[in-house]
Amino acid sequence: MYNEMDFDKSALNSAPPIEEPARQYYYMERCRAWVRNFQKEKGRAPKACVINMGCQMNARDSEKLAGILKQAGYEEEEREAQADFVIYNTCTVRENANMRVYGHLGQLSPAKKKRPYMKIALCGCMMQEPEVVEKLKKSYRFVDLIFGTHNIYKFAELLYTCLESKRMVIDIWKDTDKIVEDLPSERKYSFKSGVNVMFGCNNFCSYCIVPYVRGRERSRKPEAILKEIRRLAADGVAEVMLLGQNVNSYGKTLEPPCSFAKLLQKIEEIDGIKRIRFMTSHPKDLSDELIDVMKHSRKICRHLHLPVQSGSTEILKRMNRRYTKEQYLELVRKLREAIPDISLTTDIIVGFPGETEEDFEETLDVVRKVRYDSAFTFIYSKRTGTPAAAMEEQVPQEVVKKRFDRLLCEIQSISAQVCAVHTGKVMPVLVESVNDHDSSLVTGRLDNNLLVHFPGDEELIGTIVNVKLEECKGFYYLGTRKF
Ligand code: 5AD
Ligand code: SF4
C-alpha cells in the first residue's frame, strides 16, 4: 500500500478541503478518529470485508476500497458475517450477477439483526440501475450505504457519512468526466497489479449494459499511468495488467492524443516491469501499430483477449459490433502472421435475439478456424434498457442451452489440443503462489496465461523462472524447473 499524501492533522479543525484527493484524505483521518472511538468502546479494531463480484476492473476498484478502509484503521476480515463493515462491489453484466447480490444480502440480514452496529454497503455497476436502488430502498432497508461507479473515489467521505448516520446513505451519479488520482490502494498480490488506463465505454454493443453503468470513455493521462507503474515496479511488481473496457481506443480524447501502442512502448521502458498484459481489446479498434508494437516487444505477453461474441455477420450487425465475420478472421490472420506464437482467447454469447441455427453454425465455424486457447461462453441475458432487450425473436431457453453445450464441447476439445502444443518446451513462468492442493508445488503462469505447477517453494513467488513443461493436463501443465 502507498499513500501519496501526508495529511496535515491540524487541518481537521477546519472545513473539509474542496479539491481532490485532499478532501478524501481529510475524511480518512475523520474515519480514523471514529475507529479510535470504536476501539475504546469495544476493545478491538473494527473489521471490514470487501467482496468483489465483478470483472478485473471491479477487482481493481475493490483494492482501492480496501486501501481506504485500511487507511481508516479497519482490519481485514474474510467472513462477511463476522465483519463490522461489509461492502459488496457489484456487477450487472448478466442477470445472474444481480441475483447473487440479493442472495448475499438475504444471508447477511440475520448477522446484522444480531449486531445492529454492523454496516452494509453496496457499490459498483449494479447500483447504477435505478430499478435496483428502488428495490433496495423498498425491500432491503437494512443496507446502510449505496453508491455507484462514478463517485467511487469519494468512498472515504461516504464511509464517514455512513458511520455518522443512522439512515440509508445513497449517492449515485449519472455520469462523470472526473478522474481522481493518488488515492490509496491495497493490492491483493505483491508481484502483479491491475492498472486502470481508461474508464467507461462508448461502443454501445446492443446487448451490453456497461456503457450505461460505467459512462462515457475517459482515459487517464499517460504521465499518471507511468507514475503509478513506476511506483508499482519500485514496490516489487513484475507484471501489470492494463485495464479498460476498450483499451484500443485509449487516449483518443486526450490532449495531446496518445495511442495505446505508444503508451505500451513507454511502459516497456520501466525497469522492473517484466510482463505487460492488457484487456479488453475490441476487434474493430485493434490497430496495425499495436500489432507491430506487440511483435517487437520484449515485455508484452503474447496473449490477446479478442472477444468475437458471434461468428455470424448478421448477428454481429444486430449486436452493433461493427465488424464482419470475415474482418474478424482477417484480423486473426494478420495477428498470427506477425506473431506466430500468439495465444488468443475470446468471449462468445449464445442465444442473442434472432440467432438461427445457421448463425450458430457460423460461430462454431469461427471457433474451428481460430482455434482459441480458451473461450468464455455466455448465455445471452436480457438487460433492461439495452436495445437488444426490446428485440423480438428471443431464442427459447431449451434451444439456447443445447447450443451452449455444443459450443462448450467444441471449445474444450480444441483448447485441450492447442494448449498441449508446448509440451516438452522450456518456458519462463511467473510464480504466483504455493499450490493449493500440494504444498511441495508452486503455481505460476506462462506468458500466454496458462497455469503451470512444478516443485518449488514460497521463495519463488514473484520471480520468473524457466520451467520444462513435462505434461499437459488440458488447461494446465505439470513441469520441472530448469536451471
Ligand atoms: N448477456 C450475455 N453475455 C453478456 N456479455 C455482456 N453482456 C452480456 C449479456 N447481456 C458478455 C460479453 C462480454 C463479457 C464481459 O460478457 O461476452 O464480452
Ligand atoms: Fe465489470 Fe461490466 Fe460487471 Fe461492471 S458490469 S463489473 S464493468 S463486467
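The values are calculated or read from the model by the stated rules, or taken from the named source; none is laboratory data. As the structure is a computational prediction, the values presented were derived from the model and not from experiment. Here the Cβ is made from the backbone with ideal geometry for all residues, glycine too, and neighbour counts use every protein chain on show. The accessibility values were calculated without ligands, DNA or RNA, using every heavy atom of the protein model including side chains. Shrake-Rupley method; radii C 1.70, N 1.55, O 1.52, S 1.80 Å.
With a 1.4 Å probe and every protein chain kept in, tell me what percent of the accessible surface of region 162-211 is carbon plus sulfur. It is 48 percent, rounded to a whole number.
Reducing region 38-116 and region 424-443 to their Cα centroids gives an inter-centroid distance of 31 Å. Rg/Rh for region 28-167 stands at 0.94; both radii use Cα atoms, and Rh follows the Kirkwood definition. A straight line joining the Cα centroids of region 309-352 and region 379-414 runs 17 Å.
Of all DSSP-defined beta bridges confined to the chain, some 35% are antiparallel rather than parallel. The fraction of accessible area contributed by carbon and sulfur in region 326-413 is 55 percent, rounded to a whole number (1.4 Å probe; ligands and nucleic acids excluded). Over region 272-351, the pair-distance histogram of Cα-Cα distances with 10 Å bins from zero comes to 17, 50, 25, 7, 1 percent, rounded to whole numbers.
Counting heavy atoms of the protein chains alone, His104 has an accessible area of about 40 Å² for a 1.4 Å probe.
Can you bin every Cα-Cα distance in the chain into 10 Å intervals starting at zero and give me the percent of pairs per bin, rounded to whole numbers? With a bin width of 10 Å, the distribution comes to 4, 18, 27, 27, 18, 6, 1. So if I take the alpha carbon set of region 394-477, get Rg, then get Rh from the Kirkwood formula, what is the Rg over Rh ratio? So for region 394-477, dividing Rg by the Kirkwood Rh gives 1.17. Kindly give the semi-axes, whole Å and largest first, of the ellipsoid equivalent to region 349-433, taking each as the square root of 5 times a Cα gyration tensor eigenvalue. Semi-axes, largest first: 33, 16, 10 Å. Between the listed residues Thr345, Pro257, Ile315, the Cα displaced farthest toward the positive end of the dipole of region 230-383, a dipole computed from Cβ unit charges relative to the Cα centre, is found at Pro257. Atom-type composition of the exposed protein surface of region 1-124 places 48 percent of the accessible area on carbon and sulfur (1.4 angstrom probe). Using the Stokes-Einstein relation with a Kirkwood hydrodynamic radius computed over Cα pairs, the translational diffusion coefficient of region 91-198 at 25 °C and a viscosity of 0.890 mPa s comes to 158 µm²/s.
Relative to the Cα centre, the charge distribution of region 419-469, modelled as +1 at Lys and Arg Cβ and -1 at Asp and Glu Cβ, gives a dipole magnitude of about 340 debye.
A helix-only calculation puts the chain at -11500 deg cm²/dmol for mean residue ellipticity at 222 nm, using -39500 (n - 2.57) for each DSSP H run of at least four residues, averaged over all residues. Based on the reciprocal of the average 1/r between different C-alpha atoms, the Kirkwood radius for region 326-483 equals 17.9 Å. Once the 1.4 Å probe is applied to the protein heavy atoms, the chain comes out at 45 Å² accessible per residue. Two tests apply to each whole DSSP H helix in the chain, Cα reach of 27 Å or more along its axis and mean Kyte-Doolittle hydropathy of at least 0.0, and none passes both.
Using alpha carbon coordinates only, what is the Rg to Rh ratio of region 291-334, with Rh defined as the Kirkwood radius? Ratio value, two decimals: 1.10. Size descriptors for region 143-247, from the alpha-carbon set: Rg then Dmax equal 16.0, 44 Å. Only one residue of Cys123, Asn98, Pro110 has its Cα farthest out toward the positive end of the dipole of region 1-139, where Lys and Arg carry +1 and Asp and Glu -1 on Cβ, and that residue is Pro110.
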